[in-house]
Amino acid sequence: MIRKIVNDYNEQAEYIALAKEIMQIRKRGDVPLACIRTYGCQQNVADGEKIKGMLSEMGFEFTDKTEEADFILFNTCAVREHAEDRIFGNVGALKALKKRHPTVLIALCGCMMEQEHIANRIYKSFPFVGLVFGTHAIHKFPDMFYKSITGGRRVFERGNDDLCVHEGIPVKRDGSFKAWLSIMYGCDNFCSYCIVPYTRGRERSRNFEDILSEARSLVENGYKEITLLGQNVNSYGKGLEEKHTFAELIKAIDDIEGDFLIRFMTSHPKDCSKELIDVIANSKHISKHLHLPFQSGSDRLLKQMNRHYDRAKYLDIVNYAKEKIKDVSLTSDIIVGFPGETEEDFEQTLSLVEEVGFTSLFTFIYSRRKGTPAAEMPDPTTDEQKGERFSRLLKLQERIAAERCASMVNSTERVLVESLNEKNGMLSARTSGNIIVEAPGDESLIGTFANVKITKARNWILQGEFVNK
Ligand code: SF4
């Protein structure tokens, strides 16, 4: 399936100008304010930055307070049930605000809105929501916004997976030294528990040169960390006329001159190549951190999950990475309580965690997603049993993470200083291996690389002092 690259953003210019004019008249010269709340993954954050880019062109500035806003947008996530429940609660809470401020436009977008049963519920039960759009319609935001503030009717737009990659959309980045860089969209893997292929559509890669020039301009503009984004970055290049692999793409970005760090997410073990591991091992800028979700240690469950690899394949990649990448930091995702998971299946998950020795894990109790194959599978395991397994897993990983951190005491780590921890007044930073390091220092270090002598390990957080070298 050949995807199309389209530079159709200029078609939005007319709507941007019209919307800007209307908002200026309504605000009698004051600056219109938008309140954007983004939930979920980094891809959703990157989408939120595009919407902010388009709103900036329409003359908007931004506020965290819904009370002050002329436009309120919840950029939703559909990956777990409680994420959705929270959204319904937060949207419901805006009903009174709409009564107090009738001109405010309340909108919802993101993966949750790509689901028909959800969009219908919003339409029926939340009449004060004036605009709803899915992940495929972001490029038409000015058009939809203009129609919402002028048409006197609600605008609902979703589900047109046209295999297009829309380039040229302005981006207003949240950070000044860390940037998200999408390299592809969608997913063709259809893991049986996952809603993403239904909400983000088929895989479509951006052009190699478009990504490279965006990376170059980020480095030129002083960004210190670039995270390449995709639901499955390892299948980058599928559908491109000009064949390129992910390993080739990240190598080309690594060849850019400058002092910066490259990260990427999310990888899929079935497509993670040894070629990629070799590129990371011999690179100047690529972080020594590999996030490789394995979900379960049981081959029986991996089949049920439709993951297309088994334990042996996973360990083969992991052991190759350990052999080639010095001090590689491995992290992963695990689902506990997948339908039909037996105690024996779970024991295999624990033994894999023990065998690999992950720096950290993202652990989840299975969440039934309507419309996915797993949602129809028999699930005799009780919530209590799942909870008990979940705590055993956390306990095991806490021990492993603490041991790893303890082994780093007295080492000197190069870190990117990210923020000030208001609670303890320490600066918070991350190693190339994505491990959190805290050290006392001046806020002027934020956004720069520095060396830290590790003096202490507190579970999975390191502490230390800044040193020259
Ligand atoms: S790889 Fe699987 S889990 Fe990840 S987004 Fe695709 S379908 Fe979902």
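Backbone amide hydrogens, once placed in the peptide plane, bring C164 within less than 5 Å of K4, excluding anything fewer than 5 places away on its chain.
How much net charge surrounds Q304 when only other residues with a Cβ under 12 Å from its Cβ are counted (Lys, Arg +1; Asp, Glu -1)?
With Lys, Arg at +1 and Asp, Glu at -1, the net is -2.
Shown for segment 315-407: lysine pairs separated by 8 or more places, or found on different chains, whose C-alpha atoms are under 28 Å apart, numbering 4. A Förster radius of 41 Å, combined with the Cβ-Cβ distance separating K284 from A83, puts the computed FRET efficiency at roughly 0.60.
Compared with the dominant principal axis of the Cα atoms in the chain, helix 311-324 is inclined by about 80°. To the nearest ten degrees, helix 343-356 and the longest principal axis of the Cα atoms of the chain are 70 degrees apart.
Keeping the other protein chains in place, figure out the carbon and sulfur percent of the accessible area of segment 355-469, with a 1.4 Å probe.
Here carbon and sulfur together make up 51 percent of the probe-accessible area.
The label point for Q42 and the one for A17, both projected 7 Å from the Cα toward the Cβ, are 3.8 nm apart.
Accessible surface computed residue by residue for segment 395-469, with neighbouring protein chains in place and a 1.4 Å probe, gives 53 Å² per residue. Taking the accessible area of segment 65-143, probe 1.4 Å, and keeping the other protein chains in place, the carbon and sulfur fraction comes to 53%.
The amide H of S182, built 1.01 Å from its N in the peptide plane, has L229 as neighbours under 5 Å, considering only residues 5 or more places off or on other chains. Under 5 Å from the amide H of F156 lie the amide H atoms of V132, each residue being 5 or more positions distant or on a separate chain, with H modelled from the backbone and absent for Pro and chain starts. Of all DSSP beta bridges in the chain, what percent run antiparallel (nearest 5)? Approximately 35 percent, going by the DSSP bridge assignments. Only helices enter the 222 nm calculation for the chain: every DSSP H run of n ≥ 4 contributes -39,500 (n - 2.57), and dividing by all residues gives -10500 deg cm²/dmol, rounded to 500. With both residues required to sit in segment 159-270, DSSP beta bridges show an antiparallel share near 15%.
Could you look at segment 230-281 and say what percent of its accessible area is carbon and sulfur, using a 1.4 Å probe and all protein chains? Could you put the intermediate results ahead of the total?
On the way: 980 of 1860 Å².
Solvent-exposed carbon and sulfur of segment 230-281 make up 53 percent of the total.
Set against the 2.2 N^0.38 Å expectation for a compact globular protein, the chain has a Cα radius of gyration ratio of 1.01.
At a probe radius of 1.4 angstrom, the accessible area of segment 276-364 per residue rounds to 38 square angstrom.
State in Å² the accessible area per residue of segment 4-164; use a 1.4 Å probe, count heavy atoms of protein chains only, and round to the nearest integer. All intermediate terms of the calculation are to be shown ahead of the outcome.
Values: 7210 Å² over 161 residues.
Heavy-atom accessible area per residue stands at 45 Å².
Taking 4.7 Å between beta carbons as the limit, the unpaired Cys residues of the chain are C35, C41, C77, C109, C111, C164, C187, C272, C405.
The values are calculated or read from the model by the stated rules, or taken from the named source; none is laboratory data. Note that the coordinates shown come from a computational prediction; the quantities given were computed from them, not determined experimentally. Note: ideal-geometry Cβ built from the backbone for every residue, glycine included; neighbour counts use all protein chains shown. Side chains are part of the model used for accessible areas, which takes the heavy atoms of the whole protein and leaves out ligands, DNA and RNA. Shrake-Rupley method; radii C 1.70, N 1.55, O 1.52, S 1.80 Å.
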